[in-house]
Structures are given as structure tokens and as C-alpha cells.
Amino acid sequence: MIAFLEGDVVEIGVGRVVLDVGGVGYELAVPTSLLSALPPVGKRARVHTRMVVREDSMTLYGFPSSDERELFDLLTGVTGVGPKVALAFLSALKPDTLRRAVIAGDADALTVVPGVGKKMAQRVVLDLRDKLGGEGAELAATGPLADVRDALLALGLTPIEASHALADIDADGKAPDDLLREALQKVGR
């Protein structure tokens, strides 16, 4: 398999990137997390990849890190989650946010992903909880973002609103009050 490609960025489009690697243009389907991490057209980039071969197609998917590629692999292993839906998960949620939601059993947090309903979100939680759990399960259930999420719910936000508010927040070194303030600003409260 192709683990990664390194080459010049030739084209960036919605959900796709073209890399020139040794004179060959590789088109990759990508989550929005990669689009924001890419250098501008003409600059060199390294993209972690996964090739998915189907009866009627061969598609190369690109990711900013091997971690996101591994999450993609786990997601596509869930019944009913194909590569496009897995990309939607990685576009809508940061890897840590996705892990926290799955480990905490928070299917509602996953329904913010376009095309993902309650049943699919519950299936993802059920199938991946043990695979993602391990040591991180305790951290996710009791970490500062979990406390802030509980506070947001207590203030009347829906689980989806709370998940949106916490989606891009980096908790490293921040006090819970600061995290709560930042989350409330994101939702306009």
C-alpha cells in the first residue's frame, strides 16, 4: 500500500487535492483538516494516504497525520460507514473530539457530522468504544472538556450545541472557567 505521498501541491479543491510526485499527479480525496494544513499551491507537502479499492473504483484518501488515517481505517470498519462518511467524521470533528465522544458513549456528539443520524452514531460508539478506550477512557470521562460539556448542558445547551462549542477548543493549560467562557463565546452566549 501507499503509506504517504510527498510532492508539490498542484491543485486544492473542495474535498480534493492533487499532488505532483515525480511527474505523476495523484488526486486524493481529503477531509477539511488536511485542506487547512496544506501549504499553498506550488509548495511541497507530505500527505498520509489510504487506498480503497472497490469493484468499480480505486480511490486514494489523504490525511494530515497517520493518526487521522488510523481513525479513518477504524471508522470504515464500522458497518454502514463508508469512506465518504468516514471523511465527513474527520472533517467535522478533530481526532481528540471524536475519540472523547466515542469513549464517553456520547452518540449525540457524533450526530453533528453531516449524513450521520442517531442510529449510525450509536453504531460507531458501540463498535469503536473498546478499540479507542484503553487508558484514555478515564481521561476522556473526567477531563476538563468533559466537565465543560456538562456545564454547557446544565446551562441549557443541547448536546449538539455543546459538541459544536467544544469542537475546536484546545484544553491544554487552560482553566475550566476559561474553557467554558471560550465555548460560550463560540455559541454566542
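Phi angles across region 65-73 convert, under the Karplus curve 6.51 cos²θ - 1.76 cosθ + 1.60 with θ = phi - 60°, into 3J(HN,Hα) values of 8, 5, 4, 5, 4, 5, 5, 4, 4 Hz, Gly and Pro given as x. For region 117-124, the Karplus equation 6.51 cos²θ - 1.76 cosθ + 1.60, evaluated at θ = phi - 60°, returns couplings of x, 4, 5, 5, 4, 5, 5, 4 Hz by residue, with Gly and Pro reported as x. In this structure Ser36 has an accessible area near 100 Å², from a 1.4 Å probe over the protein heavy atoms. Among the listed pairs Lys84/Lys131; Lys43/Lys186; Lys84/Lys174; Lys119/Lys186; Lys84/Lys119; Lys84/Lys186, give every one whose C-alpha distance is greater than 24 Å. From the list (Lys84/Lys131; Lys43/Lys186; Lys84/Lys174; Lys119/Lys186; Lys84/Lys119; Lys84/Lys186), the Cα-Cα distance tops 24 Å for Lys43/Lys186; Lys84/Lys174; Lys119/Lys186; Lys84/Lys186. For Val21, the amide hydrogen comes within under 5 Å of the amide hydrogens of Tyr26, counting only partners 5 or more places away or on other chains and with H modelled in the peptide plane. Model label sites at Ala175 and Ser91, defined 7 Å from Cα along the beta-carbon direction, differ in position by 3.9 nm.
Working note: Karplus 6.51/-1.76/1.60 with θ = phi - 60° gives region 83-98 the couplings x, 5, 5, 4, 4, 4, 4, 6, 7, 8, 10, 5, x, 5, 5, 4 Hz, where Gly and Pro are set to x. Given the options Pro39, Leu5, Leu75, identify the residue whose Cα lies farthest towards the positive end of the charge dipole of region 1-87 (+1 on Cβ of Lys, Arg; -1 on Cβ of Asp, Glu). The residue sitting most towards the positive pole is Pro39. The charge dipole of the chain, taken about its Cα centre with unit charges on the Cβ atoms of Lys, Arg (+1), Asp and Glu (-1) only, comes to about 380 debye.
Entry note, the chain: relative contact order of 14 percent, from Cα contacts under 8 Å with a spacing of 6+ residues. Could you compute the FRET efficiency for Asp150 and Arg129, with r as their C-beta to C-beta distance and R0 at 22 Å, rounded to 0.05? Using R0 = 22 Å, I get an efficiency of 0.70.
When the convex hull of its Cα atoms is viewed from all sides, region 24-104 shows a mean projected area of 6.1 nm².
Positive-end ranking of Leu153, Gly117, Leu19 along the dipole of the chain, with charges on Cβ about the Cα centre, is headed by Gly117. Cα centroids of region 87-116 and region 37-57: 22 Å apart.
Tell me the per residue accessible area of region 1-130 using a 1.4 Å probe; a whole number in Å² is fine.
Result: 50 Å² per residue.
The listed peptides 121-131, 7-17, ordered by packing as a protection proxy, come out as 121-131, 7-17 (highest mean of other Cβ atoms within 10 Å first). Could you work out what % of the accessible surface of region 4-83 is carbon and sulfur, using a 1.4 angstrom probe and leaving DNA, RNA and ligands out of the count? Solvent-exposed carbon and sulfur of region 4-83 make up 51 percent of the total.
The values are calculated or read from the model by the stated rules, or taken from the named source; none is laboratory data. All values derive from a computational prediction rather than experimental measurement. Glycine also receives a Cβ, built like all others from the backbone with ideal geometry; neighbour counts cover every protein chain displayed. The protein model used for the area step is the full one, side chains on, heavy atoms only, and it has no ligands, DNA or RNA in it. Shrake-Rupley method; radii C 1.70, N 1.55, O 1.52, S 1.80 Å.
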